[in-house]
Amino acid sequence: MKLRANLAIGGGLTLLSLFVGVFGPWLAHTHPIMDANLMNAELPPSGEFWFGTDQQGRDIFSRVMYGAQISLTVGIGSQLINTAIGTTLGVTAGYWGGWWDDFVNGLTNLMLAIPSLIFALAIMAILGPGLTSLMIALGLTNWSYTCRISRAQALAIKSQGYVQAARVLGYGDMRIMFTQILPNTLGPIIVIATLGMGGSILAEAALSFLGLGVRPPSPSWGSMLSDARETITTAPWLSLFPGLAIFLTVLGLNLLGDGLRDVLDPQSRSRR
Amino acid sequence: MADSNLLSIEDLAVHFPIGGGMFSKPQMLRAVDGVNLSIKPGESLGLVGESGCGKSTLALSILGLVDPTRGRVMLDGKAVGSEADRLEVARTVQMVFQDPYASLNPRQTVRRTLAAPLRLHGVSNEGEVADRVAEMLRQVGLRPDQADLYPHEFSGGQRQRIGIARALILKPKLVICDEPVSALDVSIRAQIINLLLELQAEMGLSYLMISHDLGVVEHMSDRVAVMYLGRIVETGGWREIFEQPRHPYTRALIAAIPDPLTRGLAREKARGEIPSPLNPPPGCTFNPRCPHATDHCRSAPPVLSPVDEGHLVSCWRAEEFAKEPA
């Protein structure tokens, strides 16, 4: 069954990246920063260095293992912030309408008009570099799509009979938003969040490259990729393995999101 | 005077401001404009009118979801409105919706749909909640073991039964049925109508049966009120309304019921479309469509006045239509 395959592959890949994220330091057999040895610089993958070594002779396998922590934290953290901001604003704007809706719409348009990376740069410049400020910067700049979608969903759902029935039964606005509207907007929001996670991991790479993300010796998949840029023709393994890690993580998250959406929707479950 | 009515609506008007920018005054949409109605305990009132006549707005103001511009709605001796206790209003009046597909939350099982209102209204004993849900399902003709299914696993008729169960789970006294069968297959309509009648007898309910279909109203109502452009134009017992309709609009509606004997040869037709409630015609609001309109009708609005015991008509020429069969 296709539905279960999505969930199994996606869940497996995501679990794998989470496992690496949590246990990476134990899996790596060398220290990602301290074990630099210029004698071993840019060695191709071998029995000793599974993924090869980089310009400073550091073991890429170890760096990928350690990097998982940073990349996943940024990806998940920033998407949590994004989704929280986007759905809160979107659902309330769609449900309440009026001046609040106008205000949220204006804000969303503003966010869409400013290139999010530039905005994130500005926030990073204020907060200073570091993992937490990276999460906040990426979390504050990418909620407009979530907001747009959840607003449209709320707008469509609030005129449904069951929302009116809830009002007739005496439900308050908050209860209606939580029990009637939010569960019915979850499908697309989960998909956007998992897609966005990949985007955040890549944006972290961009910010790290500009020197505003994770500081150079710390390994993150993004910063490893940008370091490997110069050697892509001479030593492709420098970019191949961190790239592969990002690719598999994002693929896993997307499949998982897809599968989750199907499972969470009772209508796609088979009859009895 | 002691009010024996369960619901009494006194001179209710609901106006909505439409449009109006920074420099222009909004226009007033008179959705409901001076309606008097009452329903006694155990009684069914049929409310008939074409779409856009204010039926739904009237229902919303009875439910306390729209505030009246003028007049008041008294439910079980208490005024309904934004100051009223919403939970108390909810326990007195409930609603059955038209579309059984859109009126059930697709992500909630039947049990959740029925149990959540009970909990909200203070039934905290889980055993009692489960018992009442099972009992309610049995009363509407579903099996209690179907409680853990989702709405999409039911047919349209079964979904409407769930909608009825949701309306009755709080044991209300008055149930507003907004076109309860018009979205259903003809073959299922009779079942749902009979179910509503059985439940009325069993639970002592009052109904406000909103419909554009006089055929449904005929089966279900003790009294009938005909609404046109925000006003009641004729009201009376169903026998008077169906056998001796006085208002030309009522006569046109009755003539429009498909009847195998007359082969749909309607003798009186209302011409044209319902006028905009933003700009109602002067005099009797029905005059542009009325085949009997006189100059008097075009200048002075008629008042709802009795022609018989309990039969009120708002038409200048009601006396002339007295003994004529429709």
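Output the number of the condition that A:Ala152 fails; it satisfies all remaining conditions of (1) in contact (Cβ under 8 Å) with a residue 24 or more places away in the chain; (2) within 14 Å of another protein chain (Cβ to nearest Cβ).
For A:Ala152, the exception is condition (2).
Hey, among B:Phe16, B:Phe23, which residue is among the aromatic types (Phe, Trp, Tyr), out of contact with any strand residue (DSSP E or B) (no Cβ under 9 Å at 6 or more places or on another chain) and either more than 29 Å from B:Val216 (Cα to Cα) or in a strand (DSSP E or B) (or both)?
Matching residue, one of B:Phe16, B:Phe23: B:Phe23.
Find all pairs meeting these conditions: Cβ atoms under 6 angstrom apart; at least six residues apart or on different chains; first residue within the stretch B:90-107 and within 14 Å of B:His121 (Cα to Cα) and within 7 Å of another protein chain (Cβ to nearest Cβ); second residue assigned to a loop (DSSP other than H, G, I, E, B) and not aromatic (Phe, Trp, Tyr).
B:Ala90/A:Leu169; B:Ala90/A:Gly170; B:Gln94/B:Pro172
Looking only at the stretch A:88-144, how many residues end up being under 18 Å from A:Val214 (Cα atoms), under 18 Å from the mean Cα position of the chain (by Cα) and not in a helix (DSSP H, G or I)?
Of the residues in the stretch A:88-144, 1 are under 18 Å from A:Val214 (Cα atoms), under 18 Å from the mean Cα position of the chain (by Cα) and not in a helix (DSSP H, G or I).
When you go through (1) under 23 Å from A:Ile81 (Cβ atoms); (2) more than 7 Å from chain B (Cβ to nearest Cβ); (3) in contact with a helix residue (DSSP H, G or I) (Cβ under 9 Å, 6 or more places away or on another chain); (4) surrounded by fewer than 22 Cβ atoms within 10 Å (Cβ to Cβ) one by one for A:Arg175, which number turns out not to apply?
(1)
Going through the stretch B:108-125 one residue at a time, which ones are more than 9 Å from every other protein chain (Cβ to nearest Cβ) and not β-branched (Val, Ile, Thr)?
B:Arg111, B:Leu114, B:Ala115, B:Leu118, B:Arg119, B:Gly122, B:Ser124, B:Asn125, listed by residue number.
For the stretch B:161-190, name all the residues that are within 14 Å of chain A (Cβ to nearest Cβ), among the charged types (D, E, K, R), closer than 27 Å to B:Ala130 by Cβ and outside any helix (DSSP H, G or I).
Selection gives B:Lys171 alone.
Return the pairs, sorted by first residue and then second, in which the second residue is outside any helix (DSSP H, G or I), the first residue lies in the stretch A:235-255 and is closer than 16 Å to A:Thr73 by Cα, the beta carbons are less than 6 Å apart, and the residues are 6+ apart or on different chains.
Hits for this filter: zero, empty list.
Could you say whether any residue in the stretch A:189-210 is outside any loop (DSSP other than H, G, I, E, B) and within 14 Å of chain B (Cβ to nearest Cβ)?
Scanning the stretch A:189-210, I find at least one residue that is outside any loop (DSSP other than H, G, I, E, B) and within 14 Å of chain B (Cβ to nearest Cβ), so the answer is yes.
What are the residue pairs meeting all of these: first residue in the stretch A:95-120, first residue in contact (Cβ under 8 Å) with a residue 40 or more places away in the chain and within 11 Å of A:Thr141 (Cα to Cα), second residue basic (Lys, Arg) and part of a helix (DSSP H, G or I), Cβ atoms under 9 Å, and 6 or more apart or on different chains?
Within 9 Å, the pairs are A:Thr108/A:Arg148; A:Thr108/A:Arg151.
Hey, any hits in the stretch A:78-88 for a residue that's closer than 30 Å to A:Leu256 by Cβ, modelled with pLDDT of 75 or more and in contact with a Cys (Cβ under 6 Å, 6 or more places away or on another chain)?
Yes: one or more hits.
All but one of (1) part of a helix (DSSP H, G or I); (2) within 13 Å of another protein chain (Cβ to nearest Cβ) hold for B:Glu128; state the number of the condition that does not hold.
Unmet for B:Glu128, out of (1) part of a helix (DSSP H, G or I); (2) within 13 Å of another protein chain (Cβ to nearest Cβ): (2).
Residues that are surrounded by 15 or more Cβ atoms within 10 Å (Cβ to Cβ), aliphatic (A, V, I, L, M) and within 14 Å of chain A (Cβ to nearest Cβ): does the stretch B:43-56 have at least one?
no
The values are calculated or read from the model by the stated rules, or taken from the named source; none is laboratory data. In this text, all values refer to a predicted model and were calculated from it rather than measured experimentally. FYI the Cβ positions are ideal-geometry reconstructions off the backbone, even for glycines, and counts take in every protein chain you see.
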